[in-house]
Amino acid sequence: MSHSLEHKAQLYHQLYVGVNASLPLHVIIDPLRVPPAFHCPQLAMVPRLLQKGRPLSAVLAYAKMITPWEEALIKIGEEAGRLDGVLADLEIFFVTRHQQFKAVRSKLIYPALTFVVAVLAGPAPALAAGKITGGQFLFGAIVKCVVLYVAYRQLIVRTLQRSAAGAVDPLLVALALRVSPDHWLRQMFEVAYLNLLILCLGSGIDAVSALRLMQGLMPGNSLFQKHGVAINQIDTRGVTLTQALVGSGIVLNYQLGSFLNSSEQSGTLHSDLKHYLAKRNTEMNLVFTHKLKLMANYLYAATMVLAVLMFAYGQPEQPANPFTPSADAVAK
């Protein structure tokens, strides 16, 4: 069962608040209190399983409320006695992703509305001139709007909401691997990657286990192989986590690598990385919003040009004036 980013954020908020308040687990996951999006036939068995002593991670996975990578993190948090911290980190993770999705959606509303108006107004002169019938006008408008909606669902909604199940945005990964190290898309990927990495490290696992978990979350063979190289470097050569990330090519920002290396040597990697990411998340959100604004402006300009072209080519031809003398008559 697939759930949206907003649903996941609501679930982890409820779990964190309940665990932090030391409420019994069967009370926190009571079917009457669970968000409606998570209602399923298995949910009725959840309180009984929790009362029998089954771990929270296994019960949530049984009810198909979480994905395998979330189950792994929650299980590690339970074993390490850091369940409340893991739940808090997961809530922040999904809230941040949901806010990014809302930013994308809000920036695309105006260009989309402009496109719909252009689709409806552009063929209007041709319809008035009788070049197309009313049925052709309606069919063309419906087809164009459906194509726009399908593109929005596939490229925006499906791509971003898939990160609720896959932990990473596959479109961002695909783009980041094809740009230069200093490109803003690459920087966004590295910040998103480190946000997920610190989520793994915060659950209490070691560097190799964190990288193995991250390896299973990365789409595509390229990042999978790079994680294999990083794990091998730590296992066989005894390098640090930072050296493995930079040496394998997962992190290409050498300034970031230098910062992480110094923090790791001083034993403050987790806290320093958390403060660093808090600042970088704010900066990258501003960059992301600016890029979205530019994209929305370009889409709006392209839509206006399209509307003008459609209107110009749809203008009816001017009929000949019967009272205007012909060229032969003027010559006589």
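Just a few scattered comments:
- Within the stretch 36-56, one or more residues are buried (at least 16 other Cβ atoms within 10 Å of the Cβ) and under 26 Å from LEU211 (Cβ atoms).
- Residues (under 20 Å from ASP89 (Cα atoms) and buried (at least 21 other Cβ atoms within 10 Å of the Cβ)) located in the stretch 211-246: LEU211, LEU213, MET214, MET218
- Residues that are out of contact with any Asp or Glu (no Cβ under 9 Å at 6 or more places or on another chain) and either closer than 16 Å to LEU87 by Cβ or part of a helix (DSSP H, G or I) (or both) within the stretch 36-60 comprise PRO36, PHE38, PRO41, GLN42, LEU43, ALA44, MET45, ARG48, LEU49, LEU50, GLN51, VAL59, listed in sequence order.
- Selection of first residues in the stretch 19-31 that are surrounded by fewer than 16 Cβ atoms within 10 Å (Cβ to Cβ) and of second residues that are acidic (Asp, Glu), restricted to Cβ pairs under 6 Å at least 6 apart or on distinct chains, gives the following pairs, ordered by first then second residue: ASN20/ASP84.
- Among the candidates ALA244, ALA230, ALA301, residue that is under 30 Å from TYR110 (Cβ atoms) and over 25 Å from the mean Cα position of the chain (by Cα): ALA301
- When residues of the stretch 166-185 are limited to those that are touching a Leu at 6+ places or on another chain (Cβ under 8 Å) and assigned to a helix (DSSP H, G or I), the one farthest from GLU283 (Cα to Cα): GLY166
- Residue that is small (Gly, Ala, Ser) and either surrounded by fewer than 19 Cβ atoms within 10 Å (Cβ to Cβ) or not assigned by TED's automatic domain parsing to the domain that holds VAL239 (or both), where the choices are ALA207, ALA174: ALA174
- Options LYS64, LYS107, LYS131; residue that is outside any helix (DSSP H, G or I), under 26 Å from the mean Cα position of the chain (by Cα) and touching a residue at least 24 places away in the same chain (Cβ under 8 Å): LYS64
- Figure legend. Inter-residue proximity from the stretch 90-101: first residues at positive phi and surrounded by fewer than 21 Cβ atoms within 10 Å (Cβ to Cβ), second residues modelled with pLDDT of 85 or more and not in a helix (DSSP H, G or I), beta-carbon distance below 6 Å, spacing 6+ or different chains. No pairs are indicated.
- Selection status of PRO181, in contact (Cβ under 8 Å) with a residue 24 or more places away in the chain and either among the basic types (Lys, Arg) or out of contact with any helix residue (DSSP H, G or I) (no Cβ under 6 Å at 6 or more places or on another chain) (or both): yes
The values are calculated or read from the model by the stated rules, or taken from the named source; none is laboratory data. Just so it is clear, the structure is predicted and the values come from calculations on it, not from any experiment. Every residue, glycine as well, gets a Cβ built from its backbone with ideal geometry; the counts of neighbours run over all protein chains shown.
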